Amino acid sequence: MKRLFTFTLVYFLIHTSIFSDGFLRTKGRSIVDANGTPVLLRGIGLGGWLLQEGYMLQTSGFANAEHEIRAKIQSLVGETKTQELYDVYHANYVTKKDIDQLAEWGFNSIRLPMHYNKLTPLGQTGVYIEKGFAMIDSLLSWCEQNKIYLILDLHGAPGGQSDEPISDYDNTKPSLWESEDNKLQTIALWGKLAERYKDKEWIGGYDLINEPKWDLGSQNEQLKDLYVRITDEIRKVDTNHIIFIEGNWYATDFNGLTPPWDDNLVYSFHKYWNDNTQGTINYLVSISNTHQVPLWLGESGENSNSWFTDCVKLMEANNIGWAWWPHKKIDHIAGPLSAPRLSGYDLLLKYWSGQGSKPSETLAYTYLLQQFQSLAIDKCRIQYDVVDALTRQPYEDGTIPYADNNIPGIIYAVNYDIGKLTQAYYDKTHQNVGGGAYNNGYSYRNDGVDIEKCTDSNTNGFNVGWTETGDWLKFTVNVEFDGTYDLNLRYAAGNSGGKISLKFDDNSLFDFKEVPVTGGWQNWQTMTIEALPMTKGTHELKIYFYFGGFNINYLMFWPNTVGINEDVQSADDFTLEQNYPNPFNPSTVIKFRIPNYKQQNKNSVVSLIVFDILGREVQTLVNEFKAPGKYEINFNANTGSSIASGIYFYQLKVGSFSEVKKMILLE
């Protein structure tokens with residue numbers, strides 16, 4: 001997939017300011033660099049790293065705030081091991097590789113949500129935790145190397161600035177607004193941060209308090225007072241950096257917070273789950289125009305790709321930079337990175353939610369250790385559709401293949417092209433602007449297309465469902481030969497009356513083909529449509545849905561008549577040859593031959609698997625449709641998890657054909 005994004009990344013980098021060294025400052029409605037050149041911040045928030053939120057970790061059903069999550073862990077493994085696990089968590093959640101990847105994608109800024117307790121113990125004003133500052137130092141060094149601005153965000157202030165888990169609020173203790181001591185500690189912490197980072201040019205600024213949410217009066221008197229006190233403390237030591245201030249009620253209410261009290265100040269708002277229309281931000285643009293001060297969308301996200309693209313376009317049309325939320329979660333589709341949800345961790349979640357038995361301390365520690373290690377970017381799924389929605393689609397039209405869709409071969413319905421709504425796909429419910437799911441299955445991809453887990457015997461794990469009249473999907477396909485092809489359409493229909501149409505470029509392959517009922521949404525059957533004409537080369541294939549009531553797993557195209565060369569036609573028999581060399585170390589070549597189409601089962605897939613002497617699968621070398629012909633596959637014993645010397649078997653299966661041969665790996 002990465003190679004498909006070469007153009008996208010180059011395009012986005014070209015459209016991102018190339019910065020000179022020097023502090024960011026405000027100039028009228030713009031943020032500018034040291035040369036006075038306007039800088040449009042295009043960033044990502046590192047939510048979940050230094051302040052946990054339950055929904056990112058799949059614990060929101062029983063533990064939303066960080067202190068609740070930590071208590072759950074501590075009750076199983078004790079305080080010492082809990083701290084060990086948190087060290088692993090922090091070491092893997094954000095690394096230099098994460099920042100390198102964000103820079104490669106073209107983002108020029110990062111917003112760092114901080115929990116005060118990583119930097120100063122509650123109730124101990126003036127006492128600081130070097131370990132927490134060292135983590136920020138490391139992050140800043142990675143940002144400096146990539147020329148990315150780092151904006152520090154106090155996401156959880158002492159006591160909590162809201163009654164929400166996002167501030168790690170504990171209702172048994174005074175909030176930020178109910179304690180002068182908490183306010184003083186907040187002010188002192190910002191003074192310490194400013195003292196430490198005052199000379200750091202790649203610090204983009206200070207976001208004083210994330211999403212205040214409290215009844216602070218119609219003019220937010222307490223909020224302004226605290227902001228001014230923090231500003232004064234910062235300016236004692238640091239006159240270089242921008243100060244970002246957020247409105248009350250989730251950074252939306254700026255009553256009483258104008259005019260700006262500092263000449264290097266930006267108003268930061270957040271935007272979630274409403275329309276991307278000018279009317280939704282006009283009150284903010286008015287503040288910017290009236291007071292000649294920049295705006296910054298400090299947080300947005302948690303929506304569909306089409307919503308993301310529209311939001312970025314709206315912001316940039318109004319000279320507003322943005323930071324997307326967040327860069328990584330466990331088993332989630334609405335961000336650039338998704339960490340796997342491991343089976344052991346799943347057992348813990350079931351126990352905590354009252355649906356499973358309590359694990360031993362040893363098992364609980366092991367499960368959590370494995371899950372926290374899996375947060376490393378190398379183990380995460382990169383969600384290229386999300387990245388593209390933020391970095392390419394706001395600036396250009398056109399689609400990019402999501403996968404290599406070859407004909408003949410299997411095209412999984414969920415592997416439609418990457419691109420905008422109405423260009424790569426159409427789905428009636430494609431965003432969340434006040435309730436409801438934009439992807440009913442909430443799986444695999446972040447578009448409006450409804451995708452769920454699939455239980456069919458042949459699947460990539462997911463199918464398209466909840467089809468409605470007017471929905472369609474576009475695939476960029478590569479046709480290997482001129483000719484006619486038979487289509488095996490794999491579908492499941494809980495209702496009758498559904499119909500589909502298929503277009504090849506601008507030509508209709510068939511119109512309004514009825515989809516018979518199968519008796520259930522995962523009761524899969526095959527519909528065959530014969531002799532569909534196609535020409536060799538790269539083409540556009542579109543499937544249209546009407547009247548709903550069916551799911552689609554895949555489209556398998558199989559030649560009916562094709563112009564294939566004589567060498568392929570001569571492949572009359574299945575052949576699995578002895579590997580060479582044999583014995584081998586560490587690699588060997590396995591050759592096999594697939595006969596012509598008329599001798600094959602049209603529903604078959606070629607699989608070549610290596611087993612040990614106990615029959616355990618070691619490595620899958622092939623598991624896909626392959627055209628007739630001769631093939632050579634290299635098996636390297638050191639690929640993935642290295643295997644010990646000894647006797648192994650490799651098995652070729654195609655439909656009813658199966659053959660096994662033995663090979664020997666030497667030390």
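Values quoted throughout were computed directly from the atomic coordinates according to the rules given, and no laboratory measurement underlies them. Source: prediction; values computed, not measured. Every residue, glycine among them, receives a Cβ derived from its backbone with ideal geometry; neighbour counts consider all protein chains shown.
What list do you get for Thr120, Thr535 if you sort them by fewest beta carbons within 10 Å?
Thr535, Thr120
Counting only residues 5 or more places away or on other chains, whose amide H sits under 5 Å from the amide H of Gly321 once H atoms are built in the peptide plane?
Amide H neighbours of Gly321: Leu41, Leu297.
Could you pull out every one of the aspartates and glutamates with an alpha carbon less than 13 Å from that of Lys379, ignoring same-chain neighbours closer than 8 positions?
Partners within reach: Asp98, Asp331.
Taking amide H positions as placed 1.01 Å from N in the peptide plane, with prolines and chain starts having none, which residues 5 or more places from Asn405, or on another chain, fall under 5 Å of its amide H?
Asn478
Below 8 Å between Cα atoms, with a sequence gap of 6+, how large is the relative contact order for the chain in percent?
Reported relative contact order: 10 percent.
How large is ³J(HN,Hα) for each residue in segment 221-232, as worked out from phi by the Karplus curve 6.51 cos²θ - 1.76 cosθ + 1.60 (θ = phi - 60°), to whole Hz, x for Gly and Pro?
4, 5, 5, 5, 4, 5, 4, 5, 5, 5, 4, 4
Please give the length that would be gained between Ser357 and Asn319 if that part of the chain were fully extended, namely 0.36 nm times their separation in residues minus their C-alpha to C-alpha distance (nm, one decimal).
Extending this stretch completely gives an extra 8.3 nm.
Step through the table entries Lys428/Lys542; Lys420/Lys474; Lys183/Lys224; Lys329/Lys358, compare each Cα-Cα distance with 20 Å, and write down the pairs that go over it.
Flagged as over cut-off: Lys329/Lys358.
If I take R0 = 22 Å and measure r between the Cβ atoms of Tyr55 and Glu79 in this structure, what FRET efficiency does the formula 1/(1 + (r/R0)^6) give, to the nearest 0.05?
The value I calculate is 0.30.
Across segment 458-467, in residue order, what do the Karplus-derived ³J(HN,Hα) couplings come to in whole Hz, using 6.51 cos²θ - 1.76 cosθ + 1.60 with θ = phi - 60° and x for Gly and Pro?
Running phi through 6.51 cos²θ - 1.76 cosθ + 1.60 with θ = phi - 60° gives 10, 7, 8, x, 9, 9, 7, x, 6, 5 Hz.
What is the set of long-range amide H partners of Ile451 at a cut-off below 5 Å, with H atoms built 1.01 Å from backbone N?
The answer is Asn440, Gly441, Tyr442, Ser443, Gly465.
Using alpha carbon centroids, what distance separates segment 278-329 and segment 228-268, in Å?
After rounding, the separation between the Cα centres reads 18 Å.
Tell me which lysines have Cα within less than 27 Å of Lys661's Cα, excluding those fewer than 8 residues away on the same chain?
Lys591, Lys598, Lys602, Lys626, Lys630, Lys653
Would you mind ranking Trp352, Trp322 so that the residue whose beta carbon has the fewest other beta carbons within 10 Å leads the list?
Exposure proxy ranking, most exposed first: Trp352, Trp322.
Past 24 Å, Cα to Cα, is the threshold; run Lys147/Lys328; Lys313/Lys499; Lys96/Lys453; Lys313/Lys503; Lys97/Lys213 against it and keep the listed order.
Over 24 Å Cα-Cα: Lys313/Lys499; Lys96/Lys453; Lys313/Lys503; Lys97/Lys213.
For segment 399-562, what relative contact order do you get, as a whole percent, if you take Cα pairs closer than 8 Å and at least 6 residues apart?
Value for segment 399-562: 30 percent.
Give me the compactness ratio for segment 175-215, meaning the Cα radius of gyration over 2.2 N^0.38 Å.
With N residues counted in segment 175-215, Rg over 2.2 N^0.38 Å equals 1.39.
Sequence gap at least 6, Cα distance under 8 Å: using those rules, report the relative contact order of segment 568-665 to the nearest whole percent.
Dividing the mean separation by the residue count of segment 568-665 yields 32 percent.
At a 10 Å Cβ-Cβ cut-off, how would you order Thr95, Thr239, fewest neighbours first?
Thr239, Thr95
Run the Debye formula on the Cα coordinates of segment 568-665, all scatterers equal and no solvent, and tell me log10 I(q)/I(0) at q = 0.14, 0.24 1/Å.
Once normalised to I(0) and log-transformed, intensities are -0.51, -1.27.
Quick one: what are the phi-derived ³J(HN,Hα) couplings along segment 94-111, Karplus 6.51/-1.76/1.60 with θ = phi - 60°, whole Hz, x for glycine and proline?
Result, rounded to whole Hz: 10, 10, 4, 4, 4, 5, 4, 5, 4, 5, 4, 6, x, 6, 10, 7, 9, 9.
If you take every DSSP beta bridge whose two residues both sit in the chain, what share of them, in percent to the nearest 5, is antiparallel?
Around 70 percent of the beta bridges assigned by DSSP in the chain are antiparallel ones.
Once you put a point 7 Å from the Cα of Ser645 and another 7 Å from the Cα of Glu632, both along the Cβ direction, what distance in nm separates them?
If labels sit at Ser645 and Glu632, their model points lie 2.7 nm apart.
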